Amino acid sequence: MYFNDRQQLERLGKYTSSTRTISTGAPQGCVLSPLLFPLYTNDCTSKAPSVHLLKFADDTTLIGLIQDGDESAYSQEVKELAVWCSLNLELNMLKTVEMTVDFRRNPPALPPLTIMDSTVTAVESFRFLGTTISQDLKWDTHIDSIVKKAQQRLYFLPQLRKFNLPQELLKQFYSAIIESVLCTSITVWFSSATKSDLRRLQRVVRTAERIIGTTLPALQELYSSRVSKRAGRITLDPSHPAHSLFELLPSGRRYRALSTRTTRHRNSFFPQAIHLMNT
């Protein structure tokens, strides 16, 4: 299934590039591609315990914990990742960014990160698998994005209603096209969203209710349901990295609450999941 001595060229209008030989990869649409790519990138790993490498398809994210100003482990892992890419896959520097999360009052300025003689762009937020993460770990930027996208899709509901579609079909359209946008990674950000942002989100739901003429699930209801399902899967999977966080009390009916020192941590997924499962 791998390419072997295949010829490739590019054509744009009346212009044609020179021919190149392709000797790696597999044909587009190959049924084995989802399996072959993880095997191909399997040796792209992080060795430092303070640095984690997250891979999803062709997206790679390096997360480093820098303590006491010592970023040597993080810098070394970045260098090794760049070397691996130079031998195996091309690293797209235009899409490579660095974001620093530091809640100290006066955080020291970190030196710019350089990869292959190119300075990596430092950003205040970036899009990670469809979710916009900001360096202050607030969610207004992400919510701005999904509200705008959902409002654009609301346009189609009254258009469909003009064709006298059954209410059930309108509900299915809302669930598949609009609600799916509002619920993107909802278990991550909902409990940390501001009241103002939650009202904006719920306003989209109420608009859809008026158009369809029926009651739709509130976002709080959807959030609670999805948190419970996700937490339930974790408790049933001893191999899950977070399985140990769900510790049953001696009664066997409730889970031990996690100790949290900040509101940010208290509103994150695991403390909220345990709270919901105990209520």
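Brief remarks follow.
- Mean-square fluctuations from a GNM of the chain, with a 10 angstrom spring cutoff on Cα atoms, peak among R254, R104, R264 at R104.
- Separation of the T194 and N106 label points, Cα + 7 Å toward Cβ, nm: 2.8 nm
- Between G213, G232, G69, the residue with the greatest mean-square fluctuation in the GNM of the chain (Cα pairs under 10 Å linked by springs) is G69.
- Global geometry of the chain, whether rounded, prolate or oblate, following the gyration tensor of its Cα atoms and the 1.5 cut on a/c: oblate
- Distance (nanometres) between label positions extended 7 Å along Cα→Cβ at I66 and D237: 3.2 nm
- Which of L170, L36 has the fewest Cβ neighbours within 10 Å, and the rest in rising order: L36, L170
- Stretchable slack from D144 to K95, in nm (0.36 nm times residue separation minus alpha-carbon distance): 15.5 nm
- Cα gyration tensor category, rounded, prolate or oblate, for region 43-123 with a/c compared to 1.5: prolate
- Placing dummy labels 7 Å off each Cα toward the beta-carbon, the span from K14 to L54 is 4.9 nm.
- Cross-link pairs beyond the 26 Å C-alpha cut-off, checked among K149/K195; K55/K148; K195/K229: K55/K148
- Panel order for D68, D59, by other beta carbons found within 10 Å of each beta carbon, from fewest to most: D68, D59.
- Highest-MSF residue in the chain out of R253, R20, R261 [GNM, Cα springs under 10 Å]: R20
- Fewest-first sequence of D136, D197 by Cβ atoms within 10 Å of each Cβ: D136, D197
Every read-out reported here was derived from the displayed coordinates using simple, explicitly stated rules and does not represent laboratory data. Owing to the predicted nature of the structure, the values given are computational and were not obtained by experimental measurement. All Cβ positions, even for glycine, are placed from backbone atoms using ideal geometry, and neighbour counts span all protein chains on display.
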